[in-house]
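The values are calculated or read from the model by the stated rules, or taken from the named source; none is laboratory data. These numbers were taken from a predicted model, which means no experiment stands behind them. Neighbour counts run over all protein chains shown; Cβ positions are idealised from the backbone, glycine included. Quick note on the areas: whole protein, heavy atoms, side chains included, nothing else; ligands and nucleic acids left out. Shrake-Rupley method; radii C 1.70, N 1.55, O 1.52, S 1.80 Å.
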Amino acid sequence: DRQNQGHLFAKKQSYSRFLRSLRRIERDKYVKAVIFRFGGLAVSMSTAVGMSRAIANLKKKGKRTYALLETATTSDYVVALGCQHISMIPAGMLYLPGVRASALYFKKFLDTFGLAGDFVAVGDFKTAPEPFMRETMSVYRRKQLNRLVTDLYLFLVDYIVKNRPSKKLTIAKVKAAIDRALHSPQSALTAGLIDAMVHRKTLRSRVR
């Protein structure tokens, strides 16, 4: 961690820019450790996993990596799993509700203006035009979303288990932590989701 240097999450930036920042850190022989602060990162699951794996790669370059959770979401936590050590500030919160999906339907709105969707769907599961042709979700669309959410949920559980080997988390323990959803630093520590509860300045001092 270097005082007054570029903060990776200080402002909005693209995924590619984030990766470039990590590559610069990899090449900088003066950087021995990096602290990542997390609080409200809004990215998809696939992007979060990509960021997590990119951070994990710093270990191969001899860098120590530390995550500090503030007001953290599932995306924050997935990225933080790439770090070797995860802490949370005493006043922090981890919101880990699992995975969800939603769909908007526009037919009633279009009816207001005398408009109608004109699509031809070949097959029961060709549901992309549904939002423009129906007011409610079809059973086929619901099956698709249920399958997607289930697969993402199982992936999330497995990813947490595999990336917290020191805590020897089981699938059952991780599912229980997700069912709880909202974690204080103490409950996250008890569940094995984090390694320590610490103030930002204290963590910085310890890393130095």
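Note that region 50-64 has calculated 3J(HN,Hα) couplings of x, 5, 4, 5, 5, 5, 4, 5, 4, 4, 5, 8, x, 9, 8 Hz, one per residue in order, obtained from phi through the Karplus relation 6.51 cos²θ - 1.76 cosθ + 1.60 (θ = phi - 60°); glycine and proline are x. For Phe36, nonlocal amide neighbours, meaning residues 5 or more places apart or on other chains whose placed amide H falls under 5 Å from its own, are Tyr66, Ala67, Leu68. The alpha carbon gyration tensor of region 27-92 gives principal lengths a ≥ b ≥ c with a/c of 1.5 or higher and a/b no greater than b/c, which makes the shape oblate. 3J(HN,Hα) couplings calculated from phi for region 14-22 with the Karplus curve 6.51 cos²θ - 1.76 cosθ + 1.60 (θ = phi - 60°) are, in sequence order, 7, 4, 5, 5, 4, 5, 5, 4, 5 Hz; Gly and Pro show x. Just how many pairs of Lys in region 5-122 have C-alpha atoms closer than 29 Å, counting pairs that are eight or more places apart or on different chains? Close lysine pairs under the 29 Å cut-off: 20. For the peptides 37-46, 100-109, 77-86, the ranking by packing is 77-86, 37-46, 100-109, with the highest mean count of neighbouring Cβ atoms within 10 Å listed first.
The Cα-based radius of gyration and maximum Cα-Cα distance (Dmax) for region 134-208 are 17.8, 59 Å.
For region 59-108, the fraction of 1.4 Å probe accessible surface lying on carbon and sulfur atoms is 52 percent. The P(r) of the chain has a tail past 32 Å containing 32 percent of all C-alpha pairs. In order along region 136-149, the phi-based Karplus estimate (6.51 cos²θ - 1.76 cosθ + 1.60, θ = phi - 60°) of 3J(HN,Hα) comes to 9, 6, 7, 5, 6, 5, 5, 4, 4, 5, 4, 5, 4, 5 Hz; Gly and Pro are listed as x.
Comparing Cα centroids, region 141-208 and region 71-91 end up 9 angstrom apart. Sorting 110-117, 173-180, 188-195 by their mean Cβ neighbour count within 10 Å, with the most densely packed peptide first, gives 188-195, 173-180, 110-117. Exposure check, 1.4 Å probe, all protein chains in place: Val99 carries approximately 40 Å² of accessible surface. Over the chain, accessible surface divided per residue gives 61 Å², non-protein components excluded, 1.4 Å probe.
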